[in-house]
Every structure is written in C-alpha cells, then in structure tokens.
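Novice: Input: one structure, supplied below.
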Amino acid sequence: MADPQKENGYTALANEIWDYLSRYRLSGEEWQCLIVIFRKTYGWQKKEDAISLSQFFIMTGMKKPNIVRSLKKLLSKKIIMVIKSDNGDTTRYRFNKDFDSWVPLSKKITVIKKDNALLSKVITEPLSKKIHTKETLTKETNTKEGYTPSDIAKKLHEIFLDTMSDEFKEKHKNEPGWLKCYDKLLKEYDKEKLARIIIHYRNDTFWIKNFMSPLKLIRKNKDGIRYIDYFIECLKPQENGEW
C-alpha cells in the first residue's frame, strides 16, 4: 500500500497559482507535462531545469510526439518558458507564474442558423469575467460605448507609467482597462491615497517586479484580501495609522 510522506520531499506551489490553474482549462497531456516541469523545478527548489524528452517519456508514459505537441501548446499559452542553450543541445523549462500574462482561453459556442444547421463558432474571450485581469477589464471597457476616463484616472495612469521604463510607457500608454480600473477604485478611495500606494509600492524592492499593472490592486491575494486593502494595511504603521 502506498504511504507517501511529505517528509520524503514535496513540491511547493503558491495557493494563488493553484486557484488560477483550477479555472484554466488544459488537456490531460498538457497537465502531465506541466506536472513534470513542477516536479523537476519547484520539486528541487529550482526555478528552471533542463528536462529531456526522455525524462518526460519516463515520467508520463506519453509518446514523444504527444509530449512535443503538449509542450508547444503550453508554450503558446505562455504557461511555460523555454530557454535553449547557445549550441541548441540543452533545453531548459520554466513555469511562468505571472498568470496575468497567460493567453486567454478560447470558448467554443454553438450557433443555430436559419436552416437549423449547426455551426461551431469560436470566439476568444477571457477565462472568467469574475477574474479581474488586463484582458477582462479591457474587454468590458470596449463593450461599453461612451466610457470616458476621468481626468484623475488619467493622472494616476501617468503616475504609474512614470515609474516604468520608456519602453514600457510607450507600450502601455493607451490602456483603457487600466483607466477603468482607476475609476473603479476612485469610487472607494481618494486620489491621494491611490497615488501614494502606486508611488510607494512601485519603488519597493520586492513589489517593483510584482506590481506591474494597476489591475493588481483589485485582485485578491491568497488570503482573499484585495491587494489595495493589503497595501493600505501594510502602510498604516508608516503613516502612524492615519491616511
């Protein structure tokens, strides 16, 4: 009888990632390959590792063409990253934990034509409207005609972009989803508080790499608390409890 024990080794992965993966549809073979990457990287406290097709074959029992196809799908969805050596002999795999950058899923729906023939139509839409990502907010903005961002939202957008590189500014200078995010937050928080949070956390040594979009503010952490509220609580001691 199998009797696995955590003391003999385990693979740690943030609950936030598991929560998102549970909503992201993957094929069985894609899951098998992804689990191998988890095991070979996080299972050894590494961010990336050189994994041969033979290792994938031994661990999954899948045929090599199926392995290659599944890895290509994971790569196209930006769930994994592949780093090849200069001579091309070694391929290293890394899990992309920035799930905001994953490619939104395609949802297949059935449309009935007048002659009652069924036509399959594929439309691309984000995984869930309940998950606040750059894609969902941008789509909401584009579908609601007449939305005009407030001047304050535009100013907050400028403040955020001013903490970024020139290349990033150029790429994200027109982000309707971000502007709408600011306007949503302005219904609950004053502009000075939002500006202080942006400036403080965009200059923090840890958050400068983990707070790359204002959409982060309305997402929830592993404890179910929105980051905007988490940030405010963390800053209170520095502000003597006052805002």
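Novice: Rounded to the nearest 0.05, what FRET efficiency do Asn210 and Lys64 give with R0 = 30 Å and r taken as the Cβ-Cβ distance? Could you check? Spell out each step's value before the answer.
Specialist: Numbers: r = 37 Å, r/R0 = 1.22.
FRET efficiency, Asn210 to Lys64: 0.25.
Novice: Additional query: Taking the inverse of the average 1/r across all pairs of different Cα atoms in region 1-80, what Kirkwood radius in Å do you get? Don't skip to the answer; put the middle values down first.
Specialist: Working: mean 1/r = 0.0731 Å⁻¹.
This gives a value of 13.7 Å.
Novice: Could you please report the charge total around Ser70, scoring K, R as +1 and D, E as -1 over all other residues with beta-carbon less than 12 angstrom from its beta-carbon? Could you put the intermediate results ahead of the total?
Specialist: Working: positive: Lys63, Lys64, Arg69, Lys72, Lys73, Lys77; negative: Glu29, Glu30.
Taking every Cβ under 12 Å from that of Ser70, the sum is +4.
Novice: For region 14-60, what percent of Cα pairs sit more than 12 Å apart?
Specialist: Values: 722 of 1081 pairs.
The proportion of pairs with Cα distances above 12 Å equals 67 percent.
Novice: Apply the Karplus curve 6.51 cos²θ - 1.76 cosθ + 1.60, θ = phi - 60°, to the phi angles in region 46-55 and return the couplings in whole Hz, x for Gly and Pro.
Specialist: With the stated coefficients, region 46-55 comes to 10, 7, 8, 7, 7, 10, 7, 4, 5, 5 Hz.
Novice: Give the peptides 62-72, 4-14 in descending order of average Cβ contacts within 10 Å, highest first.
Specialist: Working: 62-72: 15.8, 4-14: 9.3.
Averaged packing, sorted descending, gives the order 62-72, 4-14.
Novice: Quick check on my link table: of Lys180/Lys216; Lys155/Lys184; Lys155/Lys180; Lys84/Lys209; Lys97/Lys209; Lys6/Lys97, which ones sit more than 18 Å apart, alpha carbon to alpha carbon? Mind dumping the intermediate values first?
Specialist: Numbers: Lys180/Lys216 13 Å; Lys155/Lys184 14 Å; Lys155/Lys180 13 Å; Lys84/Lys209 24 Å; Lys97/Lys209 12 Å; Lys6/Lys97 23 Å.
Violating the 18 Å limit, Cα to Cα: Lys84/Lys209; Lys6/Lys97.
The numbers here are math on the coordinates, done by the rules we state, and not lab data. Since the structure is predicted, the reported quantities are computational estimates derived from the model, not experimental observations. When we count neighbours, we look across all protein chains shown, and the Cβ atoms used for this are built from the backbone with ideal geometry, even at glycine.
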